[in-house]
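A short worksheet on the structure shown next.
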Amino acid sequence: GDICDIDSCKTVICAPGKTKCTDNNTILNTCNSRGTAWDQMGCGVGAVCDTLDGTLYLCLSQSCAPQAKRCSPDSRSWEECNAKGTNYVSHPCTYDQVCEGTQCVPIVCDAGKVECDGADKTLTRVCNTLGTGWDPKGCGPSTICINNACVPKVCSAGYRKCAGQKVVECNADG
């Protein structure tokens with residue numbers, strides 16, 4: 001239909017207050033109060049025209065670089081910035097994975113667990129905070145890892161002494 005103003009008639013082209021984005025999401029268009037024209041407003045540097053609910057469009061600040069990836073704060077998913085840079089989209093990890101870097105990786109140990117390093121008795125290994133791997137930790141001078149704990153050596157390997165009527169020899173671990 002048409003709407004007549006004081007000196008002319010104009011065709012209704014849009015619903016008053018309706019919004020849309022144009023020019024590669026850099027311009028916000030709002031239908032004027034009579035529905036006869038689109039009022040345009042540039043979103044400006046660091047902003048983009050987008051919608052939060054699928055119906056109302058507005059200029060939103062870009063909060064991330066488009067397609068940038070990161071782990072969620074709880075490390076249970078990885079997130080990718082949407083194409084317009086206005087929000088992150090979450091991609092959950094499976095129950096036996098956590099996000100490390102920018103991807104889901106398997107949990108291989110209980111965070112904080114300490115155990116002896118099988119290859120070197122002077123080291124323990126500690127499961128990292130995400131449970132995705134082991135970090136070596138030295139026992140220190142004159143100590144050795146036994147039963148998942150660093151304990152002091154009590155003798156030198158091969159040392160012999162009398163204990164009552166017996167000769168005892170220090171084992172290879174000391």
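The values are calculated or read from the model by the stated rules, or taken from the named source; none is laboratory data. Note that the coordinates shown come from a computational prediction; the quantities given were computed from them, not determined experimentally. All Cβ positions, glycine included, derive from the backbone under ideal geometry; neighbour counts span all protein chains shown. These area figures cover heavy atoms from the full protein model, side chains too; ligands, DNA and RNA do not enter into them. Shrake-Rupley method; radii C 1.70, N 1.55, O 1.52, S 1.80 Å.
Tell me, what is the percent relative contact order of segment 102-174, built from C-alpha pairs under 8 Å that lie six or more residues apart? After rounding, I find 22 percent. Taking every protein chain into account, the 1.4 Å probe leaves TYR57 with about 70 Å² of accessible area, to the nearest ten. Contact order, relative form, for the chain: 10 percent (alpha carbon pairs under 8 Å, 6 or more residues apart, mean separation divided by residue count).
Where the centroid of each part is defined by its Cα atoms, how far is segment 21-77 from segment 88-136 in Å? Cα centres, segment 21-77 to segment 88-136: 39 Å. Counting only heavy atoms of the protein chains and using a 1.4 Å probe, ARG76 has close to 90 Å² of accessible surface. Charge dipole of the chain (Cα centre as origin; +1 on each Lys and Arg Cβ, -1 on each Asp and Glu Cβ, all else neutral): 920 debye, rounded to the nearest 20. With R₀ set to 45 Å, the beta-carbon distance separating VAL167 from ARG76 gives a calculated FRET efficiency near 0.15. Under 11 Å from a label point set 7 Å out along the Cα-to-Cβ vector of ILE3, the amide N atoms of segment 20-64 belong to 31-38.
Sequentially through segment 89-103, phi angles give Karplus couplings (6.51, -1.76, 1.60; θ = phi - 60°) of 9, 8, 10, x, 7, 6, 4, 9, 9, 9, 8, 9, x, 9, 8 Hz, Gly and Pro residues having no value and appearing as x. Taking a Cβ cut-off of under 11 Å around VAL168, the surrounding Lys, Arg, Asp and Glu residues balance to a net charge of +2, with basic ones at +1 and acidic ones at -1. Along its three principal directions, the equivalent ellipsoid of the chain from the Cα gyration tensor extends over semi-axes of 74, 12, 9 Å, largest first.
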